[in-house]
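Below you'll find the structure, written out as structure tokens, and then a few comments.
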Amino acid sequence: IAKIYNLTKKFENVLDIYEELVMLKENMPTISLKEGLGTIFANMANINLRLGKQDKALSFYRLSLRKCSPNDKHVRLKSLHGLAKMYAEEGDLESAAEAYEASLPLVKEVHGSESMEIARAYHNLAIIYRKSGNHIRAEDFFEEALLLTVKNSGDSSIECTQILLDCAKNYYDM
């Protein structure tokens, strides 16, 4: 039902259903839910973010990381990346970098150390470090992102062009 409401953009209804699932799980700990609490809290964070409720989204991302099984790496990644994006949008670049850095081992484990996903993670970190004025650290991550992107997508890909453009901005800002 929550997925149907989500597809129809009735986000408040989705939140109501998720809240009922959380209460059900807390009152009946032995009940088995298709999605774990970590996933439910990550979904609640994403919906609150869509609704412009950053404080609630932040709380739910943190809850997701606490309640998520260590084996549920995809949910941990979703929450860490959600936190990082949120921190970056709010201008808290230090916290954004910490969240992205914390996600790197998971990205490598889930997607591989030479995947486009790790290239994107490096690119995101490079942008955060450039914006925070740490141009040397940004350069290192731009270089890693560029090498992996060329390897995965070729040197004429849109992703490669974007990394080169962002890297040029980094050199300009130095």
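The values are calculated or read from the model by the stated rules, or taken from the named source; none is laboratory data. None of the values given here were measured: they were computed from a predicted structure. As a convention, Cβ positions derive from the backbone with ideal geometry for all residues, glycine included, and neighbour counts pool all protein chains shown. Ligands, DNA and RNA are stripped out before the accessible areas are found, and what is left, the full protein with its side chains, is counted by its heavy atoms. Shrake-Rupley method; radii C 1.70, N 1.55, O 1.52, S 1.80 Å.
Can we say Glu117 is touching a helix residue (DSSP H, G or I) at 6+ places or on another chain (Cβ under 9 Å) and more than 22 Å from Asn152 (Cβ to Cβ)?
On the way: touching a helix residue (DSSP H, G or I) at 6+ places or on another chain (Cβ under 9 Å): yes; more than 22 Å from Asn152 (Cβ to Cβ): no.
No.
Suppose we filter the stretch 64-80 for residues that are under 15 Å from Ala99 (Cβ atoms) and either among the hydrophobic types (A, V, I, L, M, F, W, C) or open to solvent by 50 Å² or more (accessible area, probe 1.4 Å) (or both); how many remain?
Selection size over the stretch 64-80: 8.
Only residues that are closer than 22 Å to Cys167 by Cβ and open to solvent by 50 Å² or more (accessible area, probe 1.4 Å): list them for the stretch 109-126, please. Can you show your working first?
Step one: list which residues in the stretch 109-126 are closer than 22 Å to Cys167 by Cβ, which gives 113-126.
Passing the criteria: Ser113, Glu114, Glu117, Arg120, Asn124.
Only one residue in Leu58, Leu37, Leu15 is of a type in the set (A, V, I, L, M), closer than 17 Å to Ser103 by Cα, out of contact with any Leu (no Cβ under 7 Å at 6 or more places or on another chain) and modelled with pLDDT of 80 or more. Which one? Can you show your working first?
Details: Leu37 fails: closer than 17 Å to Ser103 by Cα; Leu15 fails: closer than 17 Å to Ser103 by Cα.
Exactly one residue qualifies, and that residue is Leu58.
If Arg137 passes every condition in (1) within 26 Å of Lys73 (Cα to Cα); (2) open to solvent by 80 Å² or more (accessible area, probe 1.4 Å); (3) in contact with a helix residue (DSSP H, G or I) (Cβ under 6 Å, 6 or more places away or on another chain) but one, which one does it miss?
It is condition (1) that Arg137 fails.
Looking for whichever is more than 20 Å from Leu106 (Cα to Cα), at pLDDT 85 or above and surrounded by 14 or more Cβ atoms within 10 Å (Cβ to Cβ) here; the options are Asn6, Asn48. Which one fits? Steps first, please.
Numbers: Asn6 fails: at pLDDT 85 or above.
Among Asn6, Asn48, only Asn48 is more than 20 Å from Leu106 (Cα to Cα), at pLDDT 85 or above and surrounded by 14 or more Cβ atoms within 10 Å (Cβ to Cβ).
Which pairs turn up if I take residues in the stretch 152-174 that are in a loop (DSSP other than H, G, I, E, B) and look for partners that are among the hydroxyl-bearing types (Ser, Thr, Tyr) and modelled with pLDDT of 95 or more with beta carbon separation below 8 Å, at least 6 apart in sequence or on another chain?
Ser157/Thr149
Just to be sure I understand, how many residues within the stretch 90-119 are in contact (Cβ under 8 Å) with a residue 24 or more places away in the chain and not small (Gly, Ala, Ser)?
Step one: of the stretch 90-119, the residues in contact (Cβ under 8 Å) with a residue 24 or more places away in the chain are 90, 93-94, 96-97, 100-101, 103, 106-107, 109-110, 114-116, 118-119.
Narrowing further to those that are not small (Gly, Ala, Ser): 90, 93-94, 100-101, 106-107, 109-110, 114, 116, 118.
Qualifying residue count, the stretch 90-119: 12.
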